[in-house]
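J.: This is the structure, below, for whatever I ask next.
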Amino acid sequence: MSDFNSSYNMPASETAETAELQRMIAIEQQKAQFQAQVHNFTDVCWDKCVEKPGSKLDARTETCLVNCVERFIDTTLIITNRFTQMVQKGVH
């Protein structure tokens with residue numbers, strides 16, 4: 001409630017600046033989450049698919065990496081959607 005009271009007493013320009021700052025922070029948090037996800041599936045898929053690093057990826061390794069990343073993304077989306085459904089059912 002203190003956030004409401006403090007923003008209620010702020011001039012409009014400060015309130016707009018605060019809202020813009022919060023928006024920018026949210027965007028940076030989303031970027032950080034995305035980078036963490038990329039790092040995570042890079043680690044998982046590299047360990048799963050790359051037996052010995054070379055100057056080029058062979059077709060088998062490339063296919064394995066593509067499939068691994070696609071499954072990782074699919075799984076993340078399924079879990080996220082399921083969690084969203086659970087939250088929505090709990091709210092209603």
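J.: Is there any pair with a first residue in segment 50-70 that is without any contact (Cβ under 8 Å) to a residue 60 or more places away in the chain and a second that is open to solvent by less than 80 Å² (accessible area, probe 1.4 Å) and not in a helix (DSSP H, G or I) whose Cβ atoms are under 7 Å apart and which are 6 or more apart or on different chains, and what are they?
T.: Every condition considered, the pairs that remain are T61/V50.
J.: Any chance segment 8-17 includes a residue that's more than 30 Å from T80 (Cβ to Cβ), modelled with pLDDT under 90 and of a type in the set (D, E)?
T.: Yes, there is a match, as at least one residue in segment 8-17 is more than 30 Å from T80 (Cβ to Cβ), modelled with pLDDT under 90 and of a type in the set (D, E).
J.: In this structure, is L65 of a type in the set (A, V, I, L, M, F, W, C), in a loop (DSSP other than H, G, I, E, B) and touching a Leu at 6+ places or on another chain (Cβ under 9 Å)?
T.: Working: of a type in the set (A, V, I, L, M, F, W, C): yes; in a loop (DSSP other than H, G, I, E, B): no; touching a Leu at 6+ places or on another chain (Cβ under 9 Å): yes.
In short, no.
Conditions tested, residue by residue: (1) among the polar types (S, T, N, Q); (2) open to solvent by less than 100 Å² (accessible area, probe 1.4 Å).
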residue: Q35; (1), (2): yes, no
residue: N40; (1), (2): yes, yes
residue: K52; (1), (2): no, no
residue: K56; (1), (2): no, no
residue: V69; (1), (2): no, yes
residue: I73; (1), (2): no, yes
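J.: If you don't mind, another one. Hey, can you tell me all the residues within segment 56-92 that are of a type in the set (D, E, K, R) and under 18 Å from the mean Cα position of the chain (by Cα)? I'd like the intermediate steps shown before the answer.
T.: Within segment 56-92, the subset of a type in the set (D, E, K, R) is 56, 58, 60, 62, 70-71, 74, 82, 89.
Passing the criteria: E70, R71, D74, R82.
J.: Can I ask one more? Confirm whether Q29 is modelled with pLDDT of 90 or more, part of a helix (DSSP H, G or I), under 30 Å from C68 (Cβ atoms) and open to solvent by 100 Å² or more (accessible area, probe 1.4 Å).
T.: On the way: modelled with pLDDT of 90 or more: yes; part of a helix (DSSP H, G or I): yes; under 30 Å from C68 (Cβ atoms): yes; open to solvent by 100 Å² or more (accessible area, probe 1.4 Å): yes.
Considered against the rule, which asks whether it is modelled with pLDDT of 90 or more, part of a helix (DSSP H, G or I), under 30 Å from C68 (Cβ atoms) and open to solvent by 100 Å² or more (accessible area, probe 1.4 Å), Q29 comes out as yes.
The values are calculated or read from the model by the stated rules, or taken from the named source; none is laboratory data. Given the structure is predicted, the values throughout are model-derived calculations rather than measurements. Neighbour counts run over all protein chains shown; Cβ positions are idealised from the backbone, glycine included. All accessible areas refer to the heavy atoms of the entire protein, side chains included, with ligands and DNA or RNA removed. Shrake-Rupley method; radii C 1.70, N 1.55, O 1.52, S 1.80 Å.
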